[in-house]
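The block underneath contains the structure these notes are about, expressed in structure tokens.
The values are calculated or read from the model by the stated rules, or taken from the named source; none is laboratory data. What you see is a predicted model; the values in this text were computed from it and never measured. Here Cβ is always computed from backbone atoms with ideal geometry, including for glycine, and neighbour counts include all displayed protein chains. Note: accessible area is taken over every heavy atom of the protein model, side chains too, but ligands, DNA and RNA are not part of it. Shrake-Rupley method; radii C 1.70, N 1.55, O 1.52, S 1.80 Å.
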Amino acid sequence: MNRTRRLRNRNSLRRLVRENQLSVNDFIYPLFIEEGDNIDTPISSMPGINRYSIDKLSTIMDRVKEAKIPAVLLFGIPTHKDEVGSKTWNDQGVIQQAIRYIKENYPQVAVITDVCFCEYTSHGHCGVLVNEYVDNDLTLTNIQKQVLSHARAGADMVAPSGMMDGAIAGVRITLDDNGFNNMPIMGYTAKYASAFYGPFREAAESAPAFGNRKTYQMDPANGREAMLEAEYDNLEGVDILMVKPAMAYLDVVKTFKNKFNKPIAAYNVSGEYSMIKAAAANGWIDGDKVMMELLLSIKRAGADIIITYFALEAAQLINKVNYE
Ligand code: PBG
């Protein structure tokens, strides 16, 4: 008789036949960096996650290093916003300073930068507005300026996140033409117009002042369109293809994995984090177990890389192998 339960009867056997394992090597840890001094502010909707000024970054970077997390993804919160987000390409900007600080003090950690404008524009949209519409090609020019500034500061990788058409090609050409031909690009390839970003927008002060992001981010109803985005990013020379959010879009992660031979990343976003934290705080779920199950499901779906606010907590649990 076929008995699939035979291999489930002992922890030792279950370990042997386990198909997927989480590793610290999979994780990218997002960091919110605020311009100013002496800032170490908890984000109320994301328990355990803070905004740091550069003089306080060591508190969290020491933990990243101790957990042996390979990479961080930086988001900046500037003191001054303007119509186009010009602070994003200022060599003395908060992200540029943070890159230099981390590269100098934590050389073992790769610094990836989110390349966007919503935290830097007075209107909270991800590019240049013309008649309340985000103009694709004017935004591309500014993306290139921002990327070059990050590269000059010493970033290891850039991640254009605005869902502008042609962004990957533009960034690739700019980097190559300016001596950064070795800098990889992680594309926010399939980034959906998702309600799961709510807590992030509070954290990064990046909610749009009017309207929404539906003319540039993807419709949650569409799966085949994600493949089209991936085909374009692939042809434009992206190095890593990302799907965002993760939990509600694991089908997209799986199709990317099956079709492309480039690394696939999934962004386990703020809303996914907050839901688990809130339910756990109420005693409704076991937060650690649900966290590990969710991260494992992202891996099982095919993600090679998981961008997650849980990275530090998960790293601690990963090394506690149950040997009974
Ligand atoms: C845009 C950006 C967003 C997130 C990452 N990059 C927000 C948005 O598109 O409104 C969301 C990340 C998260 O929710 O954890 N710069």
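Of all the listed residues (VAL147, VAL158), the sole one being farther than 17 Å from ASN268 by Cα, open to solvent by less than 40 Å² (accessible area, probe 1.4 Å) and in contact with a His (Cβ under 8 Å, 6 or more places away or on another chain) is VAL158. When residues in the range 1-56 are screened for being closer than 20 Å to LEU296 by Cβ, open to solvent by less than 50 Å² (accessible area, probe 1.4 Å) and not acidic (Asp, Glu), 9 of them pass. Could you go through the range 183-204 and let me know if any residue there is of a type outside the set (S, T, N, Q) and more than 27 Å from TYR273 (Cβ to Cβ). Yes, the range 183-204 contains at least one residue that is of a type outside the set (S, T, N, Q) and more than 27 Å from TYR273 (Cβ to Cβ).
Of the candidates GLU205, GLU236, GLU225, GLU231, the single residue that is among the acidic types (Asp, Glu), more than 16 Å from the chain's Cα centre (by Cα), more than 18 Å from ILE298 (Cα to Cα) and within 13 Å of the ligand (Cβ to nearest atom) is GLU205. Of the residues that make up the range 96-107, is at least one among the small types (Gly, Ala, Ser) and within 18 Å of LEU73 (Cβ to Cβ)? Checked against the condition, which is being among the small types (Gly, Ala, Ser) and within 18 Å of LEU73 (Cβ to Cβ), the range 96-107 yields at least one hit. Restricted to the range 173-201, and to residues there that are within 30 Å of ALA248 (Cα to Cα) and part of a helix (DSSP H, G or I), the residue that is modelled with the lowest pLDDT is ARG201. When the range 254-279 is filtered for residues that are within 16 Å of the ligand (Cβ to nearest atom) and in contact (Cβ under 8 Å) with a residue 12 or more places away in the chain, the ones remaining, listed by number, are ALA265, ALA266, TYR267, ASN268, VAL269, SER270, GLY271, GLU272, TYR273, SER274, ILE276, LYS277. The set of residues from the range 57-72 being in a loop (DSSP other than H, G, I, E, B) and either at pLDDT below 95 or open to solvent by less than 60 Å² (accessible area, probe 1.4 Å) (or both) comprises ALA67, ILE69, PRO70. Note on the range 158-172: among residues that are touching a Ser or Thr at 6+ places or on another chain (Cβ under 7 Å) and not in a loop (DSSP other than H, G, I, E, B), the one that is farthest from the ligand (Cβ to nearest atom) is VAL158. Residues in the range 91-122 that are more than 20 Å from MET186 (Cα to Cα), among the β-branched types (Val, Ile, Thr) and either part of a strand (DSSP E or B) or within 14 Å of the ligand (Cβ to nearest atom) (or both): THR121 alone.
With respect to ALA278, is the statement that it is open to solvent by less than 10 Å² (accessible area, probe 1.4 Å) and within 21 Å of ALA195 (Cβ to Cβ) true? No: the conditions fail for ALA278.
One line per residue, one yes/no per condition, for (1) out of contact with any helix residue (DSSP H, G or I) (no Cβ under 7 Å at 6 or more places or on another chain); (2) over 29 Å from THR79 (Cβ atoms):
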{"position": "GLY187", "(1), (2)": "no, yes"}
{"position": "PHE200", "(1), (2)": "no, no"}
{"position": "ARG213", "(1), (2)": "yes, no"}
{"position": "ALA221", "(1), (2)": "yes, yes"}
{"position": "MET227", "(1), (2)": "no, yes"}
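Look at the range 100-126: where a residue is β-branched (Val, Ile, Thr) and a partner is within 8 Å of the ligand (Cβ to nearest atom) and in a loop (DSSP other than H, G, I, E, B), sitting 6+ places away or on another chain with Cβ atoms under 8 Å, you get VAL115/SER161; VAL115/GLY162.
A single entry from PHE210, PHE196 fulfils the requirement of being within 15 Å of the ligand (Cβ to nearest atom), surrounded by fewer than 22 Cβ atoms within 10 Å (Cβ to Cβ) and touching a residue at least 40 places away in the same chain (Cβ under 8 Å): PHE210.
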